[in-house]
């Protein structure tokens, strides 16, 4: 949901229902009930997710966060994230109750310091030589599963609904078993490419090109597999109170989405070409001005983004729908109905308005996008939702104890 890639209260994702929530709501309306009615009178009525935040409210938070982050040279960014997440969570509602976020800014700052330290070390080493940067790259790949496991755990135990905490039971060992394949394959492919390029640098032939293309294909094929493994680890190890969350999507589902996204790349190429034709003459005139260097620097990313706009909304919408529609919270199901076309319109118009307002529309655009993705969700209870929520209260102390008992918790905002 929105830009929360991790399993949070905005990203618990679940199995396809027998009827859509729109149909169920219409039936309930004829019967004199609906999501707004008391749970005791509609035991298994579909419950729509609602987002009540507004761009004007979030704009004030965004401006204060931005100014304090600049004044403190980035240190306040951890506290800014807590304020932002609390606003998003507390304005997300389902079945008449809200979510909440309890993250510790110091833990977030700790995670960001670790990530920044690794990136700076890699940057300094790569400035010396590619060989000097290799150990840092390998170190980052080696500790990535550990960092992801701690980040997932931090996110869930600091998320709650009706005062009940989520929790994450995935261990670091589980993370290495589930998430090590991609770094290992990338290392192997990188080593093969380096060997081929070194051996045939003077006389590159057809074989060299074939090996490079094969390496690219292997890396691209690893992306849907890695995404599937990440989501399966993230969801299958999650709990709400005493109830486990189950993930039923298969790896083939991810390959289908990414395979179809390749077709969107061709449409993206058409849009990028159209952008170049429409703006080419203007770009030449601007390039001749005193600020030509700035327009030259911005033109290529804008052309690439025109292509990206076709691919990203498709993948985002299909992945959200797949993951939510193939996950279960106990016996309760969810439904997601995000439209790729609607998401494309929101992204494109947001970019236009952000550029037009010199960035001031950014918080309004974020709320607009989040509201659409949240309100495309619906909870489909299997039975009495109130009884189900009451049964979860007994395990809340365990989640709180889990939060306080580990000094290694961190959030690195991956």
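Some observations on this one:
- Computed from label points 7 Å out along Cα-Cβ, the spacing between residue 176 and residue 246 is 3.0 nm.
- Pairwise label distance in nanometres, residue 71 with residue 368, each label 7 Å out on the Cα-Cβ vector: 3.0 nm
- Report note on the peptides 146-159, 127-140: ranked by the mean count of other C-beta atoms within 10 Å, highest first, their order is 146-159, 127-140.
- Relative exposure of 354, 143, judged by other C-beta atoms within 10 Å (fewest first): 143, 354
- Residue order, fewest to most surrounding Cβ atoms within 10 angstrom, among 352, 166: 352, 166
- Normalising the average separation of contacting C-alpha pairs (under 8 angstrom, six or more residues apart) by the number of residues puts the relative contact order of segment 87-186 at 27 percent.
- The residues 351, 217, when put in order of fewest to most other Cβ atoms within 10 Å, stand as 217, 351.
- FRET efficiency, 1/(1 + (r/R0)^6) with R0 30 Å, evaluated for residue 126 and residue 255 via beta carbons: 0.35
The numbers here are math on the coordinates, done by the rules we state, and not lab data. Since this is a predicted model, take the numbers as computed values, not measurements. For neighbour counting, all protein chains shown are included, and Cβ atoms are generated from backbone atoms with ideal geometry for every residue, glycine included.
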